[in-house]
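Reading through the structure tokens given below for one structure.
The values are calculated or read from the model by the stated rules, or taken from the named source; none is laboratory data. Keep in mind that what you see is a predicted model, and the values were worked out from it rather than measured. Note that each Cβ is placed from the backbone with ideal geometry, even for glycine, and that neighbours are counted across all protein chains shown.
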Amino acid sequence: MLEFILILGFLAVVAMCFAAYRPVQSLVQKSGFRQKEQIARRLDEMFIFISVEGLHKLKWAVSFACALVGLLLSWEATPPAPLVVALMMALLGYFVPELVIVVMRIRRRREFSEQLVDGLVLMANGMRAGFTLQQAIDMLIEEMPAPISQEFELIRREYRVGVDLDVALQNCVTRTKDADLDLAVSAIQITRQLGGNLSEVFERIVFMVRERKVLGGKADSLTAQGRLQALIVGLLPYVFGFFVWKVNPELMQIMWTTFYGFVALVLVVIMDVVGYIWVRKIAAVKY
């Protein structure tokens, strides 16, 4: 009787897995397709001309290289320390290309924000001289360096293929996630819809954006000490562990050769990262 019940249970599990196979496969395919679209859109926004498949190959190559480096560095350690270090380095190396892209994206947005005031001043001067908004955008593209020239070049291309100028400007705001550009685009859209002197509106926008930049610089200078303290305190456990490992390697090997030591090491890393992010959030002033 027991064998019959076990057989029925096994058949029921097989039937459930067979019934759920199609929906799960479809869900995984849709999720993977959306992820590929998101990665491709981010690469296009960064003007990085590499396919998603090429990015995945690069991630696996970096993961293998990091695993090999970790294995060589920990080869003389007590097993299974070399294998653990290699696996951790492989996992870290797999996400290194995406982290690099995130850093490049943040740097690009910062450079765009720094160039925005000069770009708006240039457009305001052109419109004061009698240029239209489209001609002012053309002048900005010719005179300003990347990345602001690249972003406004996309605006011009979208406008030339039939996209409304207000929609093209809003798409630029969506790509750059810049609050100052959002304010400028909102003012431009309101002026174009309700009427008014666009050159005077641009002068007011430039003054407002410049004042926001000054306020942001003051906030950054006042919170620089807190950010530096977060960085120093965050790196302190790793520096201390490195010196202890150099002085007494047998003591530090307990951290990755025993179960409790490995658990403690993981908890230290997690708590250190959480504390660093927490302090950075406290020091980040929104204006």
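Observations on the model:
- The residues of the stretch 215-243 that are under 30 Å from the mean Cα position of the chain (by Cα) and more than 21 Å from residue 281 (Cα to Cα), listed by number, are 238, 239, 240, 241, 242.
- Some residue of the stretch 244-254 being more than 30 Å from residue 86 (Cα to Cα) and assigned to a helix (DSSP H, G or I): no
- Residues of the stretch 185-208 classified as farther than 23 Å from residue 109 by Cβ and either assigned to a helix (DSSP H, G or I) or not assigned by TED's automatic domain parsing to the domain that holds residue 120 (or both), total: 11
- Residue within the stretch 189-200 that is under 32 Å from the mean Cα position of the chain (by Cα) and touching a residue at least 12 places away in the same chain (Cβ under 8 Å) present: yes
- Test: residue in the stretch 101-121 that is over 29 Å from residue 220 (Cβ atoms), at pLDDT below 90 and out of contact with any strand residue (DSSP E or B) (no Cβ under 6 Å at 6 or more places or on another chain): no
- Residue, farthest from the chain's Cα centre (by Cα), within the stretch 202-214, restricted to residues that are under 22 Å from residue 129 (Cβ atoms) and in contact (Cβ under 8 Å) with a residue 24 or more places away in the chain: 203
- Among the residues making up the stretch 176-188, none is surrounded by fewer than 16 Cβ atoms within 10 Å (Cβ to Cβ) and touching an Asp or Glu at 6+ places or on another chain (Cβ under 9 Å).
- Filtering the stretch 239-287 to residues that are loosely packed, with under 12 Cβ neighbours inside 10 Å, of a type in the set (Ser, Thr, Tyr) and in contact with a helix residue (DSSP H, G or I) (Cβ under 7 Å, 6 or more places away or on another chain) leaves only 287.
- Subset of the stretch 146-175 that is more than 21 Å from the chain's Cα centre (by Cα) and among the small types (Gly, Ala, Ser) - its residue that is surrounded by the fewest Cβ atoms within 10 Å (Cβ to Cβ): 162
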